[in-house]
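The numbers here are math on the coordinates, done by the rules we state, and not lab data. All of these numbers come straight from a predicted model, not from anything done at the bench. Using ideal geometry, Cβ is built from the backbone for each residue, glycine included, and neighbour counts are taken over all protein chains shown.
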Amino acid sequence: MRPELLNPLFAPCDTIDGVGPRLKKQLAKLGIERVLDLIYHLPVQHIPRIRVARLASAMVGQVIIAEVMVFQIDDGDGRRPTRVRVTDAAGRPATLVYFHDRGYARKILPRGETRIVSGRLESYGDQLQIVHPDHVVTQQNSDEIPEREPVYPLTEGLTNKRLGGLIANALERIPDIDEWADGNFIASQQWPCWANALEKAHAADNDAAARTRLAYDELLANQVALLAMRQAARKRRGRALKADDRLITQFRAKLPYRLTGAQERSIAEIIGDLAADAPMLRLLQGDVGSGKTAVALAAMLRAVEAGGQAAMLAPTELLARQHHATLTDMLTGLGVRCAILTGREKGAKRTALYAELAAGQIDILVGTHAIFQDAVTYKDLALAVIDEQHRFGVNQRMALMSKAKVPPHVLVMTATPIPRTLTLTQFGEMDESRLDQMPPGRVPVETRVISQDRLSEIVESAGRLLDSGGRAYWVCPLVEEGNGAGEQAAAETRFALLKKRFGDDVVGMVHGQMPGPEKDAVMASFAAGDIRLLVATTVIEVGVNVPEATLMIIEQAERFGLAQLHQLRGRVGRGEGKSVCLLLRAPEISETARDRLKLIRGTNDGFEIAEKDLALRGGGELLGTRQSGEGSYRVARPDDIMHLADSARADAKLFLEHEGGFQASPRRDAMRALLYMFERDTAVPLLQSG
Ligand code: ADP
Ligand code: MG
């Protein structure tokens, strides 16, 4: 249950004076539904108000403070605004414009008087004007006008001033809550208390410490939730998976290669976890091509040996099919039954699958999210492997843990190496294994950065590769976040051009909008070598494995995230021969973009790229926009996360492990309130019942 003292903050925003249905709708567009959302709607920046003695010294677009004399007022009507004509000290005229005025302007700007006004200076023809000045005061009250001003994210029809007013109102509802963070730490940072920090973050003068404190709160909530979940999970009895190595031994014997030291170490760590009766929560990090599949399969075989079932979740249909094919291949002769379940298995086939799963006739199930839907019952799910890219959030992981009576062991694999600080905030409840060693004999991919100007040369060099029987990927630019249709259009244009040049039977295309079977068919014919040039959007980003492909061309590479480029590049260099990755860039790109491409060109080490990317642009791509709302941050920015995650972790440990946590710590009520405010409260009921 939500602590009662938070009720004023969880009240809908239309309990604030002046918020009617229309304003409510506008606020909803900004994600503001409750009073809480208003107080955490923080300014994106603070702009200075510039005091000018004369209008001539101001620039259009600036927010100014100027002294003016009113000489004429032209009243408006329903259609025309009221225009107040003024001059500055030097006699330069300007107009103050008021829409739907109803006599207000006359009241605050009497004719013949001098006033200090402030607002954004605009030009209208050759006239200077300020529409709805933010402040109009007498000379004596001149210092009432703030020197700086918070600027809020806005939506159409909602002014900064209006929103600022609502927020000021909302701030009055802040309840009195005790300090939830470690008092010593807060004091050592000289940070204000929460209530003060909120006020200061909204105030006119930009207070960095206040904002940082608020970010810390959010990270603390996150860390407490993660660690609390970990504690709760540890307390639940899982199922100790012990068995002879019968299947694992056969599997090893069948492998055409020797496992790397890193693979051996990870397998040992996992098998160790599985043998304990607390459910495993482990993250397996390994760069593209580091051999995560073999590790996962060894873990799944242990589950099967011990008489249980294993499920493997892939982020896309394409990957699920590929995993299924790989696993089936690796499992031949072992007598292990492996099936696939995605949105495409329908009707009688699906019903039959459900029945076989429930009867324990399937040992290993591979699929998309369908495999964890409510309709699916396992006879005895002992291990869940999640192969993904941060798309399976904390709450989903926990839901999975509590789904079965006996919670399954969970292994999460990330295809993108993640810097340590981010691992802490995204996967903080998990133990970690790292595949920091590549299988031997890999020739590193050679990466070149080339201007898009030279497209025709690049087409020709792709042509030479095709003529000699080679295979290549051609990745089309990202259009906009989530604009799948746009990406498709871009890919189609390129597809048409390349088909014309190389012929229909050589060039194929896959994109995210394509129906699954069609996509699979194209991929299959690329894998078989019928199609040898594959035009694609980023659907091929993760996991796709065609060792014969040795050329990767990426258009407008500067628009991709570094981790994504690294993933894409990882599609080649999987076979014997030397592979090349061509990063095409716009003829003119920014300094930062240039540095980023240089970085990619300079190294093949995914861990290094992840760390440097974080330093270079704050890791936004790893944390932010591409993932679902869950587990994302409202206040904390990548920079805060980098600098504060460790402290928040230490604070959370202090609270949970030394002070007695939600049972006994003196700050337990405050902490519970904090978790509710940041929607990390899913951890709380778990704790109470555990
Ligand atoms: P990841 O999923 O980590 O990107 P995969 O599991 O798909 O990598 O492995 C990439 C390729 O490397 C596969 O073709 C696999 O057969 C091969 N591979 C895996 N482990 C080894 C090893 N120890 N020695 C040689 N090749 C390996
Ligand atoms: Mg993989």
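Taking the centroid of alpha carbons for each part, region 121-171 and region 1-65 are 12 Å apart. Packing here is the average count of other Cβ atoms within 10 Å per residue, and on that basis the peptides 215-223, 432-440, 568-576, highest first, run 215-223, 568-576, 432-440.
Counted by Cβ distance under 12 Å from T421, the other residues give a net charge of -2, where Lys and Arg count +1 and Asp and Glu count -1.
Between F185 and E356, the contour length at 0.36 nm per residue exceeds the alpha carbon distance by 56.0 nm.
With respect to the chain, whose longest principal axis is taken over its alpha-carbon atoms, helix 638-653 is tilted by about 70°.
Sequence-ordered 3J(HN,Hα) estimates for region 452-466 from the Karplus curve with 6.51, -1.76 and 1.60 and θ = phi - 60° stand at 4, 3, 9, 3, 5, 4, 5, 4, 5, 6, 4, x, 5, 5, 5 Hz, glycine and proline given as x. Between the amide H of I65 and those of I50, R51, V52, distances stay under 5 Å, these residues lying 5 or more places away or on another chain, with hydrogens modeled in the peptide plane. The packing ranking of peptides 316-325, 497-506, highest mean first, is 316-325, 497-506, where packing means the average number of other beta carbon atoms within 10 angstrom of each residue. Once the Cα atoms of helix 591-602 and of the chain are each reduced to a long axis, what angle between those two axes, in degrees from 0 to 90 to the nearest 10, is obtained? The angle comes out near 10 degrees. Here the residues D605, D182, ranked from fewest to most Cβ neighbours within 10 Å of their Cβ, fall in the order D605, D182. Between R80 and T15, the FRET efficiency estimated from the beta carbon spacing at R0 = 45 angstrom works out to 0.80. Taking every Cα-Cα distance in the chain and sorting them into 10 Å bins starting at zero, the pair-distance distribution P(r) comes out as 3, 13, 19, 20, 18, 14, 8, 4, 1, 0 percent.
For the peptides 80-86, 207-213, 244-250, 410-416, the ranking by packing is 410-416, 80-86, 207-213, 244-250, with the highest mean count of neighbouring Cβ atoms within 10 Å listed first. Other residues whose C-beta falls under 10 angstrom from the C-beta of G575 contribute a net charge of +2, scoring Lys and Arg +1 and Asp and Glu -1. Close amide-amide hydrogen proximity is noted between I47 and E149, V151, each under 5 Å apart and 5 or more residues distant or on a separate chain (H modeled in the peptide plane; Pro and chain starts excluded).
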